[in-house]
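Below is one structure, written out as structure tokens, with a few remarks after it.
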Amino acid sequence: MNKATVAVIAGTGVDTEMGVGVLAAKGLAALSFPVSQEAREQTLLQIMPAEQKKEKIRAILREIKSQGVEKVFVYCNSLSGAVPMPELAVEEDMKIVTPLDAYALIAARYKRLAVLAANCQGLAGIERTILQVNPQADVFSAAALPLVLAVEDGMEPNKLVESFFLAKLMDYFAANGAEAVILGCTHFPYFREALAKKTTLDLIDPADIMLELLLR
């Protein structure tokens, strides 16, 4: 009998295991379901025809259900924006929690938010979620898939922050009045501590809110 209580769906094996780690820290056993072999493949998946993407994820959800698990932790921002997870949750009668659920809860707290995302597909989903909740919000943003590749290659966090000039990006956000920065890719908590040393802006990781929603 499968003892896992949650399944993690994410873009690659790396962020899927990061999601498993988040759950393990709370004592939850999880199964891993990466949708792609590597980050560039994951980005290309997001621009597939809508129904094709949806059916790919539906097949994964049905495999998860076949293993007796009905709670899903989607640990990938861009995938969450590219596939209608709320529709699939209803159609497959499963509980599915994504980073976008967390952003919907916090969007009303801010007048000006910055977003650092993996790609523009993910960025669009995050911005859409923020503006649906708070149409008056101003959103400043940047997206860079090479950041994800650097994380997956294991670049040391301080070196990553320096190499990609992220301190200067934070200065740009701060100069434009951003109150906080959403780490809009689940790879990015990898360098959160290093980046926090370079900015006074709050760096928002959706994982804690997602866990609260999952366990309700």
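Could you do me a favour and compute the accessible area per residue for the range 1-74, 1.4 Å probe, result in Å²? It amounts to 49 Å² per residue over the range 1-74. Of the whole protein surface, Thr5 contributes about 70 Å² of accessible area at a 1.4 Å probe radius. Calculated from the structure, Rg and Dmax of the Cα atoms in Å equals which of [x] 16.6, 55; [y] 17.6, 54; [z] 19.6, 65? Derived directly from the coordinates: [x]. Candidates Gly184, Gly154, Val90 compared by Cα position along the dipole of the chain: farthest toward the positive end lies Val90, with charges placed on Cβ.
Excluding Ser66 itself, what net charge comes from residues whose Cβ is under 13 Å from its Cβ, given Lys and Arg +1 and Asp and Glu -1? With Lys, Arg at +1 and Asp, Glu at -1, the neighbours total 0. Rounded to the nearest Hz, the phi-derived 3J(HN,Hα) couplings of the range 78-92 under the Karplus curve 6.51 cos²θ - 1.76 cosθ + 1.60 (θ = phi - 60°) are 5, 5, 5, x, 8, 10, x, 4, x, 5, 5, 4, 6, 5, 9, where x marks glycine and proline. Between Asp202 and Ser163, full extension at 0.36 nm per residue minus the direct alpha carbon distance yields a gain of 11.9 nm.
Within the assembled protein chains, the solvent-accessible surface assigned to Glu17 is about 100 Å², based on a 1.4 Å probe. Considering helices alone, the calculated mean residue ellipticity of the chain at 222 nm is -14500 deg cm²/dmol, with DSSP H runs of length four and up weighted by -39500 (n - 2.57) and normalised per residue.
Simple point charges give the picture: +1 on the Cβ of Lys and Arg, -1 on the Cβ of Asp and Glu, and for the chain a dipole about the Cα centre of about 220 debye.
Using a Gaussian network model of the chain in which every pair of alpha carbons under 10 angstrom is joined by a spring, one finds that among Asp101, Asp202, Asp15 the greatest mean-square fluctuation is at Asp202. Electrostatic bookkeeping for Leu105 treats Lys and Arg as +1 and Asp and Glu as -1; over the other residues with beta carbon under 13 Å from its beta carbon, the sum is -1.
The values are calculated or read from the model by the stated rules, or taken from the named source; none is laboratory data. The model shown is predicted, which means the values in this text are computed figures rather than measured ones. Quick reminder, even Gly has a Cβ in these numbers, built from the backbone with ideal geometry, and neighbours come from all protein chains shown. Quick note on the areas: whole protein, heavy atoms, side chains included, nothing else; ligands and nucleic acids left out. Shrake-Rupley method; radii C 1.70, N 1.55, O 1.52, S 1.80 Å.
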